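The values are calculated or read from the model by the stated rules, or taken from the named source; none is laboratory data. Source: prediction; values computed, not measured. When we count neighbours, we look across all protein chains shown, and the Cβ atoms used for this are built from the backbone with ideal geometry, even at glycine. Accessible surface is based on the protein model in full, side chains and every heavy atom, while ligands, DNA and RNA are left aside. Shrake-Rupley method; radii C 1.70, N 1.55, O 1.52, S 1.80 Å.
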Amino acid sequence: MNRIGIIGSGSIGAAVARLAVAAGYDVLIANSRGPETLAGLIEELGPRARAGDVRAAVEFGDIPVLAVPLAAYPNLPVEAFAGKTILSTGNYYPHREGRIEQLDSLESTTAEYEQSLLPDTVIVKAFNNILFHHIPNLAHSTPRTALAIAGDDDEAKTRVAAIADALGFDTVDAGTLAESWRFEPDSGAYTPIYAADLEGMKRDYLADPGAPVSAERLRELLAASHRPDVAARQF
C-alpha cells in the first residue's frame, strides 16, 4: 500500500512529502494549524496529496512520518499512535524546546525520550541527520547517499529502510534507540557529513548543495562517532 501520512509540514516533512509523491506514494499531510493552511503545499504536490488532521495522517498509511518539534508532542493524540511503527525525524534543539533534563543529563537519547512520550508505539529514527534541502538534492544520487536509522525492532527498521529506499536513499543500521546518539547533533555523523563544502556550509548552510555519503563511509562515521555533550548544546 503506497500511502504515507506525514505529521508536520515544516521543512523536513515537506521534503519527505515531495519525494514520496515523486516515488508514487499517496500522501496525507497534517499540521498543528489545520488542513486549510496546507493549500499551497497540496497544490504544489499535486493530485496524489491531500491535507487532513493528525489522526487522519496517522491512520492513512502503515508507517506515519512524525516531523514535529519535541515541544509539540504534548499536543499529539497519543492514543491514535498506539500500535504503530513511527518514522521519527526529530532532534532535540534547546533553543526551540527549552532545556529537557533527561536529555541534558544523557539519561536518555532523544529517540528514547520520544518513545517514552509515545508508549505502545515502535519508534524508528531516520532523516534526522540530514539538512532539509539536502534531502531532495541527494535523493537518487550517484553514488547513492545513505542515511542512518535506529530502533529497537529489527522488522520495523526493515520497513522504514524500505521507505527510505523508495525515496532514493540507502540506509545503515546504527543500532538501538539507546545508540541513536551516534547521529544526533554534534555527534560526528550529523548534517555536516553531507556538506559539499564544509567551510562554505558554515558561512551559509542553505547555499551548500550537499554531496553523497555512501553506506560504507557512513558506517565509518557512525563507528567513529562520539556522544555529544548535550547539556552544552545551544542550538
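Couple of notes before you dig in:
- Qualifying lysines (Cα of each under 19 Å from Cα of Lys157; at least 8 residues distant if same chain): Lys84, Lys125
- Whether region 1-124 is rounded, prolate or oblate, judged on the alpha carbon gyration tensor where a/c under 1.5 counts as rounded: prolate
- Nearest-10 value in Å² for the accessible area of Arg33, using the 1.4 Å probe: 150 Å²
- Cα-based Kirkwood hydrodynamic radius, the chain, one decimal, Å: 17.8 Å
- Divide the volume of the convex hull around the Cα atoms of region 129-208 by the residue count and you get 84 Å³ per residue.
- Peptide packing: for 158-169, 120-131, the average count of neighbouring Cβ atoms within 10 Å per residue gives the ranking 120-131, 158-169, highest mean first.
- For region 72-206, the Kirkwood hydrodynamic radius comes to 15.7 Å, computed from all pairs of different C-alpha atoms.
- Separation between Cα centres of region 182-235 and region 1-49, rounded to whole Å: 27 Å
- Taking the protein heavy atoms of the chain in the context of the full set of protein chains, the accessible area attributed to carbon and sulfur is 50 percent at 1.4 Å.
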